[in-house]
Amino acid sequence: MIMKKRNTLWILVLIFIILMGISSQAQNKFSVKELSDQYSKATEKTDRHKILKELSKTEPVILEDVTQVRQIISNKEWDEDLFVAAADSIRRIKNAGLDVELIEILKDEKIFIEKISRGDLSGKSEREAKYRVKNVEFIIKKLGELKSQRAVPILQEYLKVKGLQYAASEALGKIRDKSASEEMRERAYRGEEINYGGLGLDEAVKVMQDLEDKGKKDKWPKIAKQIILIKDPKAKPYLKKLFSHEKYYVRQQSATAFGLLANENDVSDVLEMAKNKDEYVRFSSIDAMKKINDPKFITVLFDLLINDKIYIVRSNAAKALGYKKITSAVPYLDKALNDKEFEVRREAFIALYILTGKKYDFKGWDSATDQQAENQKKNPTFY
């Protein structure tokens, strides 16, 4: 009975994929191959431009489409416009079953991409090399997006290619493949561009444990770079432990990562951060307050604006009050216009303009600040 249900489910999934393919194909005026043939026969510049525009908007929906894209990309006779249009069409792929040809493109390009990473253009122009690297990077990301298990071996090979290591590690993370986890850890700790901390909770915990291991102290600066990549909310208790780390850069990175992960359930922790003796932790508490609505934060922000000893904390508090549109902050911001630091005065001026529509006078006013105030009033930004 269970097997019958599973078979029925797979049949339904297959029918859905086929219908999606037919639906997408119906939206395309021509297939990738048809457009490629039209382009090769067209003689007028305007006609060729129209064909390329159509190709760039076409979604490959069957394997033949991606095979044609592969032929365009691997063509030794470089046609930049055709290459770019074909590469743009890859961005539109939604059918995970087309991953097989994308994998082949990565295999085709690998030797040349490795040479580029060593500074060997093999007779090609810098422009072509740039486009090829960019296209390979996007295909790697697309395979991660499609969660292609078949892509794992080639993605693991690209972990060794300078310039594409981060994209490959991110893709493997999205696929949830951890077979190269230890290799990624070693490479990350050597300072290579690898996203190890973002692989999942187990890896995040290892990063934080390694930052408490004094036997790895010489590697801490490189290990700490993985903290900001941690995206699993379950890592927050471990991040909090690092707020008292002996190294400032670890405190800074962990506070920033916590602030990015914080939500309505973390109000008490954010309030504790605002009292922390480390300025980076206090600064990050304000970033968390910007995105969480809780009335308890208002008086804390007033206090940080007026009384904190570190100017970057005061300026961030001013920005938060404007961003959150706390109208009761006006007298505190008015007082902050006399702060000894220009950056605090500037943020207070901008916040006041957002809240009142008035431009207060302050020492150091300039046209750039005035324009920034106009921009922020129309569209207040988080940072």
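Structure notes:
- The listed residue being charged (D, E, K, R), part of a loop (DSSP other than H, G, I, E, B), under 22 Å from Ala255 (Cα atoms) and at pLDDT 95 or above, out of Asp294, Asp339: Asp294
- Whichever residue in the stretch 93-110 is over 23 Å from the mean Cα position of the chain (by Cα) and among the basic types (Lys, Arg) and, among such residues, is nearest to Glu137 (Cα to Cα): Lys110
- Only a single criterion out of (1) farther than 25 Å from Lys234 by Cβ; (2) part of a helix (DSSP H, G or I) is not satisfied by Gly119, namely (2).
Listed here are the residues, each with its yes/no results for (1) within 27 Å of Lys247 (Cα to Cα); (2) not basic (Lys, Arg).
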position: Ser284; (1), (2): yes, yes
position: Lys291; (1), (2): no, no
position: Pro295; (1), (2): no, yes
position: Phe302; (1), (2): no, yes
position: Asp308; (1), (2): yes, yes
position: Leu321; (1), (2): no, yes
position: Arg345; (1), (2): no, no
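- Single unsatisfied condition, Tyr131 versus (1) touching a Phe, Trp or Tyr at 6+ places or on another chain (Cβ under 8 Å); (2) of a type outside the set (D, E, K, R); (3) over 22 Å from Lys53 (Cα atoms): (3)
- Exactly one residue out of Ile350, Ile354, Ile326 is within 15 Å of Trp365 (Cα to Cα) and either under 28 Å from the mean Cα position of the chain (by Cα) or aliphatic (A, V, I, L, M) (or both), and it is Ile350.
- Residue under evaluation Glu246, criteria (1) part of a helix (DSSP H, G or I); (2) out of contact with any Leu (no Cβ under 9 Å at 6 or more places or on another chain), criterion not met: (1)
- When the stretch 69-90 is filtered for residues that are of a type outside the set (Val, Ile, Thr) and touching an Asp or Glu at 6+ places or on another chain (Cβ under 9 Å), the ones remaining, listed by number, are Arg70, Ser74, Trp78, Glu80, Phe83, Ala85, Ser89.
- Any hit, the stretch 129-139, residues being surrounded by fewer than 19 Cβ atoms within 10 Å (Cβ to Cβ) and not in a helix (DSSP H, G or I): no
- Of residues in the stretch 76-104 being of a type in the set (Val, Ile, Thr) and part of a helix (DSSP H, G or I), the one surrounded by the most Cβ atoms within 10 Å (Cβ to Cβ): Ile90
- Flag for Tyr360 being of a type in the set (Phe, Trp, Tyr) and either under 22 Å from Phe297 (Cα atoms) or not in a loop (DSSP other than H, G, I, E, B) (or both): no
- Identity of the residue in the stretch 33-59, of a type in the set (Asp, Glu) and surrounded by 15 or more Cβ atoms within 10 Å (Cβ to Cβ), that ends up farthest from Asp88 (Cα to Cα): Glu34
- Taking each residue of the stretch 333-351 that is not assigned by TED's automatic domain parsing to the domain that holds Ala320 and looking for partners that are in a helix (DSSP H, G or I) and at pLDDT below 95 with beta-carbon atoms closer than 8 Å, six or more apart or interchain, yields nothing.
- Among the conditions (1) surrounded by fewer than 21 Cβ atoms within 10 Å (Cβ to Cβ); (2) closer than 25 Å to Arg176 by Cβ; (3) modelled with pLDDT of 95 or more, Phe258 misses just one, which is (1).
- Taking the conditions (1) farther than 12 Å from Ala87 by Cβ; (2) in contact with a Leu (Cβ under 9 Å, 6 or more places away or on another chain); (3) surrounded by 17 or more Cβ atoms within 10 Å (Cβ to Cβ) in turn, Arg150 satisfies each one other than (3).
- Residue count, the stretch 101-114 (criterion: free of Cβ contacts under 8 Å to residues at least 40 places away in the same chain and closer than 24 Å to Asp81 by Cβ): 6
- Total residues in the stretch 140-169, condition over 25 Å from Tyr189 (Cα atoms) and outside any helix (DSSP H, G or I): 3
- Any chance Val281 is surrounded by fewer than 23 Cβ atoms within 10 Å (Cβ to Cβ), of a type in the set (Val, Ile, Thr) and either over 26 Å from the mean Cα position of the chain (by Cα) or within 22 Å of Gln209 (Cβ to Cβ) (or both): no
The values are calculated or read from the model by the stated rules, or taken from the named source; none is laboratory data. Predicted model only: the values in this text are computed from it and were never measured. Glycine also receives a Cβ, built like all others from the backbone with ideal geometry; neighbour counts cover every protein chain displayed.
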